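First up is the structure itself, then whatever we jot down about it.
The values are calculated or read from the model by the stated rules, or taken from the named source; none is laboratory data. Worth saying up front: this structure is predicted, and the values here are computed from it rather than measured. Backbone-built Cβ (ideal geometry, glycine too); neighbour counts: all protein chains shown. Heads up: the accessible areas ignore ligands, DNA and RNA and are worked out on the full protein's heavy atoms, side chains in. Shrake-Rupley method; radii C 1.70, N 1.55, O 1.52, S 1.80 Å.
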Amino acid sequence: MKKSLCFTTSVLLMLAFILTGCGAVLEEAAKLSEYEAGDDRIPSITSVVGEREVTGVESSVKNGIVSKQYTYVSNSVYDDLLAYVSALMEDGWLVTKDIDLKVVPGSGELGKKSSEEGQIVLLSFAYEDSKYTINITKGKGTIE
C-alpha cells in the first residue's frame, strides 16, 4: 500500500511539473515579438495585433524542412489576419496561395526569400471563427 501511494504521488508530481512547463511555453509564445526559422526572423502576429492567447506550439524537422506552428484564440480573427497579412506584404512578403479572409474557415500563404542562399520561408495560416494557426516553414527553394 505504501509503495503504491508513493508511486501515485510521484506520477502526480511529474504530471504537475510537465503541465506547468507546457503553460510556461504557451505563455512565452503569446509574448513573442518574432518567430525564428534558422537565421530568419519573422515578425510575430502578436507584434502586429497585440498579445493573444496561445493554445498550441509545435516544432518539427522533416527531410531538412524546419516547421513551427502556433495556434491562437481570438475574438477578432478577420481583423488580426488582415492586419498581419498587410504588415507582412509591406515588408516584402509575397502571396503564394490566394487569401480571402471573408471565407470561413479559410487559409492562406505568403513567402519570402530566406537570408540563407537557396532557401525560402513560407508562412501559412488556417483559421476558423475564433482561432487561427500560423505555420512557419523553411526549406530549399526560390521565390519570385
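In the P(r) worked out for segment 45-122, what percent of Cα pairs fall beyond 16 Å?
61
Can you put D91, D40 in order of accessible area, largest first, using a 1.4 Å probe?
Details: D91 75, D40 15 Å².
The most accessible residue leads, giving D91, D40.
For S33 paired with D129, estimate the spin-label separation in nm (one decimal), with each label point 7 Å from Cα along the Cα-to-Cβ line.
Computed distance between label sites S33 and D129 equals 3.7 nm.
For segment 59-118, which GluC sites (Glu not before Pro) are both in a DSSP coil and crowded by at most 14 other Cβ atoms within 10 Å? Kindly include the intermediate steps, with their values, before the conclusion.
Working: sites: E90, E109, E116, E117; in loops: E116, E117.
Passing both the DSSP loop test and the Cβ count: E116, E117.
Which distance in nm do the two modelled labels at S59 and E90 give, with both placed 7 Å along the Cα-to-Cβ direction?
It works out to 3.0 nm between the two label points.
Need one number: nm distance between label points at S76 and E117, each 7 Å from Cα along Cα→Cβ, rounded to one decimal.
Calculated label separation equals 4.4 nm.
Can you list residues whose amide H is under 5 Å from Y35's amide H, if they're 5+ apart or on another chain and H is modeled 1.01 Å from N?
Here I42, S44 satisfy the definition.
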